[in-house]
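Only the coordinates and a few stated rules stand behind these numbers; no lab work does. Predicted model only: the values in this text are computed from it and were never measured. FYI the Cβ positions are ideal-geometry reconstructions off the backbone, even for glycines, and counts take in every protein chain you see.
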Amino acid sequence: MSSNWDAHHRRVVIEPATRHFLKLVWNVQMRTSILRGLRCFCPACGRGRLYRTYLKPYERCEICHAPIGSVRADDGPTWLTVLALGPVLIILTMTIAGANLSPWISYPLLAGLIIILVIGALPRAKGLFIGALWGIQH
Ligand SMILES: [Zn+2]
């Protein structure tokens, strides 16, 4: 069994094909469009707003007219939101459960915090995916 761990230099050895792929995908343009999407702005120009409504992107950017509506994130944002918020929500639940509050306080508090966190994270996760897909396609 081969290992990618170089014990002598204490680093992971990346195969040349993987390194080529990473150079192709993870560049400055990609990072820029991901960060713009994360901030809910157009991944192409960074000035136009990404969403027309809560999670509905504009068909074309208001500023640069880039076709941002054609980028389909599908189930990616939901998956990322669950993956990223899962540990946070577990810690939050354990903390509130350990506080010995009345169920009349702790259940609505927990439900409210979960709803606020998910509603806040979902557009950013979708923006991240739209930015990444925009960076790959352009
Ligand atoms: Zn734009």
### Task
Could you go through the range 37-51 in sequence order and give the Karplus-derived ³J(HN,Hα) for each residue, using 6.51 cos²θ - 1.76 cosθ + 1.60 with θ = phi - 60°, rounded to whole Hz, and x for Gly and Pro?
x, 4, 8, 6, 10, 4, x, 7, 10, x, 10, x, 6, 7, 10
### Task
Would you mind checking which residues have amide H under 5 Å from PHE41's amide H? H placed 1.01 Å from N; only 5 or more apart, or other chain.
LEU50
#### Entry: the range 1-41-the range 92-138 distance, computed between alpha-carbon centres (Å)
28
### Message
Springs between alpha-carbon pairs under 10 angstrom, Gaussian network model over the chain: which of LEU109, LEU35, LEU122 fluctuates most?
### Response
LEU109
### Task
For the range 12-17, just list the computed ³J(HN,Hα) in residue order, Karplus coefficients 6.51, -1.76 and 1.60, θ = phi - 60°, integers in Hz, with x standing in for Gly and Pro.
8, 8, 9, 4, x, 5
### Query
Between SER70 and LEU24, what is the spin-label point distance in nm, taking each point 7 Å from the Cα along the Cα→C-beta axis?
2.1
### Message
Restricting to Cα pairs below 8 Å that are 6+ residues apart, what does the relative contact order work out to for the range 5-137? Please round to a whole percent.
### Response
36
### Over the range 5-137 - Rg/Rh using Cα atoms and the Kirkwood inverse-distance radius
1.13
### Summary
Those cysteines in the chain that have no second cysteine Cβ within a distance under 4.7 Å are CYS40
### Task
Excluding VAL82 itself, calculate the net charge of residues whose Cβ lies under 15 Å from the Cβ of VAL82, where each Lys or Arg counts +1 and each Asp or Glu counts -1.
0
### Among TRP104, TRP26, TRP79, residue whose mean-square fluctuation peaks in a GNM of the chain (springs only between Cα atoms under 10 Å)
TRP104
### Query
When the helix-only estimate is applied to the chain (DSSP H runs of n ≥ 4, each -39,500 (n - 2.57), divided by the residue count), what is the mean residue ellipticity at 222 nm, nearest 500 deg cm²/dmol?
-19500 deg cm²/dmol
#### Entry: Gaussian network model of the chain, springs between alpha carbon atoms under 10 Å - residue of ILE119, ILE96, ILE14 with greatest fluctuation
ILE14
### Message
Students often get this wrong: which residues of the range 9-49 have the backbone nitrogen under 13 Å from the point 7 angstrom along Cα-to-C-beta of SER3?
### Response
9-13
